[in-house]
Amino acid sequence: MLSQFRVNAIGPALVAKHFLPQLDRRSRTAAVFLSARVGSITDNKKGGWISYRASKAALNQIVRTASIELARTHPNAVVTAMHPGTVRTPLSAPYSKGHPTVSPEEAATSILRALDRQTETGKFIAYDGSPIEW
Ligand SMILES: NC(=O)c1ccc[n+]([C@@H]2O[C@H](COP(=O)([O-])OP(=O)(O)OC[C@H]3O[C@@H](n4cnc5c(N)ncnc54)[C@H](OP(=O)(O)O)[C@@H]3O)[C@@H](O)[C@H]2O)c1
């Protein structure tokens, strides 16, 4: 559990701390943090994966908090927690049988497209831009 929190919550929190203040204040900027739908507390209907789920829920809270704080100095910055879809990587391989999957390249393209369209900061969205409940 500690390892999951290190990678999924504390690492991104340090990235947010050091990188978000560097964003240009005048132009539109975007920062995306790779979350996961299973980090949604509302969407949790099956249980399981308690460490991963909890670490992504923590990440979501970090992203939301960072977005609120950053908006005070960077009103044009859009900070987003993103579910990338089920992507064919070593992470998903053991769980993705029978699920529609996308390649990392397709996921990256969708993520960039969704980010381009995202106008509100502090949201949790999927790769297609659809909102996910916290
Ligand atoms: N794949 C999916 O279906 C899916 C679904 C929802 C969310 N996500 C999220 O998308 C992100 C990318 O996932 P992925 O599928 O690309 O996973 P992955 O193939 O397992 O890649 C994970 C990446 O994290 C790095 N990493 C792992 N442990 C680390 C550590 N202790 N310190 C620093 N870096 C570490 C790995 O580095 P090395 O390459 O050096 O090992 C690798 O680059 C993750 O945040 C994941 O939770 C993925």
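The values are calculated or read from the model by the stated rules, or taken from the named source; none is laboratory data. Just so we're clear, the structure is a prediction, and the values are computed from it rather than from any experiment. Cβ placement follows ideal geometry from the backbone for every residue including glycine, while neighbour counts extend to all protein chains displayed.
Numbers for the structure displayed
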read-out	value
Residues being surrounded by 15 or more Cβ atoms within 10 Å (Cβ to Cβ) and in contact (Cβ under 8 Å) with a residue 24 or more places away in the chain - total across region 1-38	18
Region 12-43, subset under 17 Å from R53 (Cβ atoms) and small (G, A, S), residue nearest to the ligand (Cβ to nearest atom)	A36
Pick from region 1-11, criterion hydrophobic (A, V, I, L, M, F, W, C) and part of a helix (DSSP H, G or I), ranking: nearest to the ligand (Cβ to nearest atom)	V7
Unique match (being of a type in the set (G, A, S) and out of contact with any helix residue (DSSP H, G or I) (no Cβ under 6 Å at 6 or more places or on another chain)) among G39, G122, G48, G85	G48
Some residue of region 76-92 being at pLDDT 95 or above, crowded, with 21+ Cβ neighbours inside 10 Å and assigned to a loop (DSSP other than H, G, I, E, B)	yes
Among (1) within 13 Å of the ligand (Cβ to nearest atom); (2) surrounded by fewer than 17 Cβ atoms within 10 Å (Cβ to Cβ); (3) β-branched (V, I, T), the one test that T65 misses	(1)
Unmet requirement for H74, which otherwise passes all of (1) over 24 Å from L14 (Cβ atoms); (2) more than 16 Å from the ligand (Cβ to nearest atom)	(1)
